[in-house]
1. Run the helix sum for the chain: -39,500 (n - 2.57) per DSSP H stretch of 4+ residues, divided by residue count, reported at 222 nm to the nearest 500 deg cm²/dmol.
2. How much of the DSSP beta bridge set in the chain is antiparallel, as a percent to the nearest 5?
3. Which residues make up the longest stretch of the chain that has no trypsin sites (Lys or Arg not before Pro) in a DSSP loop with at most 14 other Cβ atoms within 10 Å?
4. I'd like the per residue volume of the convex hull spanned by the Cα atoms of the chain, given in cubic angstrom.
5. Could you compute Rg(Cα) / (2.2 N^0.38 Å) for region 1-131, with N its residue count?
6. Given points 7 Å out from each Cα along the Cα-Cβ axis, report the Asp207 to Ala94 separation in nanometres with one decimal.
7. Using a 1.4 Å probe on the protein heavy atoms, what percent of the accessible area of the chain belongs to carbon and sulfur?
8. Can you tell me the FRET efficiency between Lys145 and Met187 if r is taken as the Cβ-Cβ distance and R0 is 22 Å, rounded to the nearest 0.05?
Amino acid sequence: MEFTKQCVIVTGGASGMGAATARLFAAAGAQTVIVDRNAALARQVAAEFGVDEPLIGDVADSAFCERCVQTAVERHGRLDVLVNAAGTIVRADALHTSDEEWLRVMHVNTNGLFFMSRAAVRVMKQQGSGAIVNFGSIWGGVGGKGHVAYCASKGAVHQITRAMALDHARDGIRINGVCPGEIDTPMLRLAGRTDRLSDEAAAQMADTVIPMGRLGQPEEVARVVVFLASAAASYITGALVPVDAGYTTM
């Protein structure tokens, strides 16, 4: 899949599935703009991939999201793809989720995705073309014990994806989502608020709950994202594609 001269924004592009996605777009020739809160890591990753100076800030801030899109367009004259990969998680039930934690998950996972998408659509509608790929989750469609805020935020992401796809289907803009399962990323390895998931515990979890018996790798999700953003997916919009080793078929 070819993205030469196309401008691609990847939020959360400094680590995990976002970084894997940014890497694949860069390898396909895209003018890739990484957006992330972690300045040091974002600059390190951007230098490694040979892409633009990253944009540092918080997608929960709508003004920052507007500036990201404006800057990308100023640099490259257009915006072809937005990937909303930025996300955060709180591993707790309702009784153990503070107001601050609830709001933070919603601000990043749901509001940030909406703010970035709204800004991108303004540009893409004028162009008459564009693609947005949102990171949902298996837990946006099924429950996840002890993750009430995350599940709620990703359920909202799924509905934003569907609604915006319908709103802009005749504007030349395709909007889809990927729904990763258990992928071996820094977020997954954060077993609690501070604890880390050991290799042994991760392997046991994979063997117990995942039909394929292994954790997914970030690149396995990134390849689906790149496909959905490409011309090969020209007749796909409003789709939520599970990348979960069969978890949601059970």
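1. It comes out at -13500 deg cm²/dmol, rounded to the nearest 500.
2. So the antiparallel bridges in the chain amount to around 5 percent.
3. 6-144
4. That works out to 119 Å³ per residue.
5. 1.06
6. 3.6
7. Here it works out to 53 percent.
8. 0.80
The values are calculated or read from the model by the stated rules, or taken from the named source; none is laboratory data. Remember, predicted model here, so these are calculated numbers, not experimental data. Note: ideal-geometry Cβ built from the backbone for every residue, glycine included; neighbour counts use all protein chains shown. The protein model used for the area step is the full one, side chains on, heavy atoms only, and it has no ligands, DNA or RNA in it. Shrake-Rupley method; radii C 1.70, N 1.55, O 1.52, S 1.80 Å.
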